[in-house]
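Student: Submitted below is the structure of interest, expressed as structure tokens.
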Amino acid sequence: MFRPEQLAEITVEVVQEKARVRGGSGFFVAPGHVLTCAHVVGRGSGADEVQSRVRIRWNGAEYPATVIASAPNRPGGDVWPHPDLALVRLDDPPAGHDCAPLADREPAAGAALHAVGFQTIYSSPAALAPVALEYVGPLEGFHRVKGDEIPRGTSGGPVLDLATGRVCGVAKTSRNDRRVLGGLVVPVHAFTRLFPGLPDDPSWRALPSHIHRSFPLAALLRAEEEDELRALCRILPDPADAEGLYRAAVGDLGPRPHGRLRDLADLVGAVSDTVSRQDGMPALLALLGLLADSAPPHPARRLESLASTVAARIGKAETWTKWRRKEPPPDDRPSLEVWLSPSTGGPRRYRVAVWLCHSDGRTPVMKHAGDVPRTLSQIRSGLGDLLGPHLDEQTAAPHDITIAFVLPRPLLSEPVESWHLGHAYAPLGTQYPVVVRSQDRPKGVRPLWRERWSRLQQQNATGAVELGWIDCREERPNVKSTYQWFLNRKDRVVLALASDMSATRRNAVDAAFNAGVPVVIWRRAACTDHSADTCPGHRFRSAVEPLLTGENLRALPRLVLSLRIEADLAPGEHCGRSIAFLVDDPDRLPMTSVHDLRSPDQEA
């Protein structure tokens, strides 16, 4: 295992050649070769492409060097896009230096990380300094981390997973200068798949094979089988939906891809990194079958032949045959998640972010990140421009595209289903299933929340969903009793309110949240007249309860959509006119905002 003190011994400073590059840190990944960030070897202004010549300062000496590969070659926006890596070859490298042991998997959630780099904020000249970080999770191909700031000059430096003793990433950027907010790290697996053309470089051929192979296949395929697959990859077109194929190949319980899958080589490499699916089928063989389904006849026959040959050799012939007979096409029901986050830019102003999420487990993609705080009125009036283009991109049927508004607690009462894309007569809730999520789930209850969500899935399998009702006559429901009522029965997974979510009833919702309840249904309008036996709240419950009992959760958003359409067409009172629906998956963690990411000229 590599120790933190050893990390300092392989870390170098990347300095300017004729004052043209920004500079930063890097580290030895192979004899005479340094890995760093592409933006570190870009011009100091961040406005031009990567430069070809740099100097490497290490152990008291300077070494002229050449940037032999980088991705990308120039910035694509305010922050250099994925993977933001560059490989540098020293002209006359020192002998005997150590090299970083590269991780073959991503860190565990909450893993302690140790980074080093030549920071320039607190010392001049630059000095090697450590950074203590904690792994949070993936974000758009990067590792998101929290903890210390990543000071300017640390970009390109190595990040060590203290649990494995291996370098898991390359420091990229801090969330904010001089603040304890962590930032982004480029995973090392992005490097191992980065430069498929580099084996033509003589010095590259001398590097360890685990670095320069374009995708790791040796664990499953023999040499001649690997050659056949590589030959097929050269003649097959890049898939239109690489992430969908990845999810179909690795199965529902497989890991998410580490980064964005741009082409067929990325897809094959990502699938090759996984093991067998939950049904026993090796993920790579599953991918070969899926590729054969859409390939021209001749390559399809070669893919089928290769897969069946490998399956027979490893004792999976029967599994392969059964899988090819029954594997359904991937099923995806996308959702657009609209985050309204309170802003410090003024009272009742919010910053808006839009994420595209997929039910088949693909990595969420941020589609919009608004920098300017806006009022609710401004957000409502601009909803067509905000969501319209992203909805038009979807190929699923409208009733399979969910729009989820992720709201702070005070906005849960906002009737977002009545907002529209430009025409008031066409409310959003009559065009798509519209639900809400809460940004303010209490801390420390995720195990309870996850347990109830699991119970809900089990109830879905048997077709039974139990609702716990709070009657409209309960103006001030007993919060403790509500909490205990849910806590004592793990199969009580849905809270339903027969009236609006007033301040007092919202306390009951908070109690349900503390018990881990994932789903809440309520009536938008208040029920104020209980003089008759059948008040509006009672009629709402009488209409909704039989419709929801026994419904599968996956069908509930679609059911609510149909109720809203019926209400829009029906005169008089209808339960769909005022129904609100909250559903919170505990494993759909809050996405980090990109608002605090700094521009390239401010990057570490």
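Student: Compute the Cα gyration tensor for the range 77-121, then decide on rounded, prolate or oblate, letting a ≥ b ≥ c be the square roots of its eigenvalues: rounded whenever a/c is under 1.5, prolate when a/b is larger than b/c in the other cases, and oblate in all that remain.
Tutor: Verdict is oblate for the range 77-121.
Student: Ranked highest first by average number of other Cβ atoms within 10 Å, how do 436-449, 84-97 line up? Present the calculation step by step, with values, prior to reporting the outcome.
Tutor: Values: 436-449: 15.3, 84-97: 18.5.
Packing proxy ranking, top to bottom: 84-97, 436-449.
Student: Quick one: which of 422-429, 28-35 comes out on top by average Cβ neighbours within 10 Å, and what's the full order, highest first?
Tutor: Highest to lowest by the protection proxy: 28-35, 422-429.
Student: Moving to a separate point now. Suppose the chain between Ala426 and Asn507 were pulled fully straight at 0.36 nm per residue; how much longer would it get relative to their current alpha carbon spacing?
Tutor: That works out to 25.8 nm of additional length.
Student: Expressed as a whole percentage, what fraction of the accessible surface of the range 339-464 belongs to carbon and sulfur atoms when a 1.4 Å probe is rolled over the protein heavy atoms? Working shown, then result.
Tutor: Working: 3020 of 5820 Å².
Looking at the range 339-464 in its full context, I get 52 percent from C and S.
Student: Taking Rh as the Kirkwood radius computed over C-alpha pairs, what is the Stokes-Einstein D of the range 284-328 at 25 °C in a medium of viscosity 0.890 mPa s, expressed in µm² per second?
Tutor: Details: Rh = 10.4 Å.
Translational D for this selection: 237 µm²/s.
Student: Among 515-524, 368-377, what's the highest-first ranking by average C-beta atoms within 10 angstrom per residue?
Tutor: Details: 515-524: 23.3, 368-377: 14.5.
Per-residue Cβ counts within 10 Å, averaged per peptide and sorted highest first, yield 515-524, 368-377.
The values are calculated or read from the model by the stated rules, or taken from the named source; none is laboratory data. Quantities reported herein were computed from a predicted structural model and do not represent experimental measurements. Positions of Cβ are generated from backbone atoms using ideal geometry, with glycine treated the same way; all protein chains shown enter the neighbour counts. In case anyone asks, the SASA skips ligands and DNA or RNA and just uses the protein heavy atoms, side chains included. Shrake-Rupley method; radii C 1.70, N 1.55, O 1.52, S 1.80 Å.
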